[in-house]
Amino acid sequence: MASMNRIIDNKYEILRMIGQGGMSKVYLAMDSRLNKQWAIKEISRINKNGFSEVNLKAALDEADMMKRLDHPALPRIVDIIQEKDVIYVVMDYIEGEPLSKLLENNNAQPQEQVIEWAKQLCNVLDYLHTCNPPIIYRDMKPGNIMLKPDGQLKLIDFGIAREYKENKVGDTVNLGTRGYAAPEQFGSQGQTDARTDIYCLGMTLYHLVTGRSPAEEPYGGVPIRELNPILSSGLEKIILKCTEANPNDRYQSCAELLYDLERYDEVDDTYRQNQKKKLKRFGIVSAAAVFSLVFGAFAQVMNAQKVNNDYEVNLDLGDTATTQEQKINYYEKAIDIKPEKHEAYYALLTTFKDDASFQIEEEQILKKKINRNLAKLVETDHYSDLAYEIGKTYWYYYDYGSENTDDNQLTRIKAAKTWFSDVVEDPENKHFAQAKIYESIATFHEEVNLKVEEASDQGMYKEYWENIEALLDFTIENKNESEIVKLEVYKLITNALENEVRKFASDGIEKEDLLEVFHTVRSLVDELDVSTDKTINLKESITSRFDEVVKAIDTAFIEQ
């Protein structure tokens, strides 16, 4: 057990214990180099029965899985330290409290709040399910959901998460929390999949909105309005569909569930009754006016024209609005009117980038619109052009994890990959070559740490070097690229030269080639006029590393 004030790996000072499980303890620690607090999970290599290879492997598998994930609602793994008797996993420290604590103190939570939480949880589950391979969380419950002071949620404890494997008959082990877990987690009914997490989420929503735990006997629950009649029948129907015993009867994806959550009031019985009354009144009026078919056709044409006009009006209002908030609001309205049209999405992206930063709050707005309409967008002409612009927005402007600028650049690169992969699916796209470069660079950063641990990374660096050279060429050719895009490319290359130069050398890259690119980048940075505080600081940061880059290159080739 780590004692208080002990220093781990010469930089993490243990402050206090903040959690404890079967094989592990979790401590709050201070990083003396970054002056930042982290959570450190201490995993014992020895249990009551002696050395435990199985439990140790499970803990390492969980850490390796988490290292590959990158989402605002998931804690990051930043370090794994192995010692003789223990392993330390260093991860984000999450301020706040679990939703189970909130339930304990305040019982049932307000319906509108629960629905907002449900949307956040749908978002992170959808991210996990669309990983390659998909990741099935399997343990959604209030105790594993942290509520931060800013109102955002974090999903913790991936101890029983697993990668979905095509054509596999069933899970190796039956695991889950009784009451929240889906029937297939215990009943040998095939392997768990995305629909399993939807079941667990449904039971979690049931607990949050009623205050009654499905983990208490009798397991499961009754329709929520039997416990609280003022709750929405629309939400009740959503929860019932999530928690169907047969996975085929549930929502088949989190995107499908999110669609209904956004419109839960439209599924409400009261809403539908009102709609029926309106329809009945309309039927009476229509019967009286049945002779006017020509007028009806004319009205349809006029209505279509009105929709077009409303779309254009909102675009124009957004273009002329004086505040970013107003612009976003008008572009969102335009998207809702004609979700298959691309102009409003482009306008939204431009607005987000106006301050040279794509914030997490802005990402949520974009995802809300994109996820809801993605099926339509994919079928439209030039969807891959839109995907390319979204990818570049993430790659160069995403502002998540910015305390360490190098970590932030890797976060942005990984978040952009899925969009560039969509572009690569369309070989006819004019951006195909560039998108292929972006996708390959992102793949390198996703895989390299694991390959290093496996000692199988040799040969990766030559291709990586060729890709970043190609990215530099594209940037030089495009005279109209923004200063932040140019600087981020120069920064990527500078970091690669400083940190990977030995690997480049071992993969056969000549010193002259490395120096030639370095001098090109140095010249481009020196010549670039910058106009904002962000780009001034970025330019200074790159320039400050030049001497170290030269030393790193010289040292790498002296050692050969």
Q.
Within the stretch 478-560, considering only helices (runs of 4 or more DSSP H) that don't extend past its boundaries, which have at least 3 residues that are among the aliphatic types (A, V, I, L, M) and within 24 Å of SER357 (Cβ to Cβ)?
A. 483-506, 511-527, 533-543
Q. Among the listed residues ALA245, ALA255, which satisfies the condition of being over 22 Å from PRO98 (Cα atoms), among the small types (Gly, Ala, Ser), touching a residue at least 40 places away in the same chain (Cβ under 8 Å) and assigned to a loop (DSSP other than H, G, I, E, B)?
A. ALA245
Q: Go through (1) out of contact with any helix residue (DSSP H, G or I) (no Cβ under 9 Å at 6 or more places or on another chain); (2) under 30 Å from ASP61 (Cα atoms) one by one and return the number of the condition GLU500 breaks.
A: (1)
**Q.** Candidates ASP310, ASP354, filtered to the one that is under 25 Å from the mean Cα position of the chain (by Cα) and either loosely packed, with under 15 Cβ neighbours inside 10 Å or at pLDDT below 85 (or both)
**A.** ASP354
Q) Does ALA496 satisfy the condition of being of a type in the set (A, V, I, L, M, F, W, C), more than 22 Å from ARG545 (Cβ to Cβ) and under 30 Å from the mean Cα position of the chain (by Cα)? A) no
Q: Look at the stretch 205-253 and say how many of its residues are aromatic (Phe, Trp, Tyr) and more than 23 Å from GLU184 (Cβ to Cβ).
A: 0
Q) Any idea which of LEU377, LEU386, LEU366 is hydrophobic (A, V, I, L, M, F, W, C), within 13 Å of the chain's Cα centre (by Cα), assigned to a helix (DSSP H, G or I) and within 17 Å of ALA344 (Cα to Cα)? A) LEU366
Q: Would you confirm whether any residue within the stretch 445-452 is touching a residue at least 12 places away in the same chain (Cβ under 8 Å), in a helix (DSSP H, G or I) and either more than 27 Å from the chain's Cα centre (by Cα) or exposed (fewer than 14 other Cβ atoms within 10 Å of the Cβ) (or both)?
A: yes
Q: Please go through the stretch 61-114 and pick out each residue that is closer than 15 Å to PRO142 by Cα, charged (D, E, K, R) and in a helix (DSSP H, G or I).
A: LYS101, GLU104
**Q.** Positions within the stretch 453-477 being acidic (Asp, Glu) and either assigned to a helix (DSSP H, G or I) or free of Cβ contacts under 8 Å to residues at least 12 places away in the same chain (or both), in sequence order
**A.** GLU453, GLU454, GLU463, GLU466, GLU469, ASP473, GLU477
Q) Hey, among the residues in the stretch 135-157 that are among the aliphatic types (A, V, I, L, M) and either in a loop (DSSP other than H, G, I, E, B) or without any contact (Cβ under 8 Å) to a residue 40 or more places away in the chain (or both), which one's farthest from ALA215 (Cα to Cα)? A) ILE156
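The values are calculated or read from the model by the stated rules, or taken from the named source; none is laboratory data. Fair warning: this is a prediction, and the values are worked out from it, not measured in the lab. As a convention, Cβ positions derive from the backbone with ideal geometry for all residues, glycine included, and neighbour counts pool all protein chains shown.
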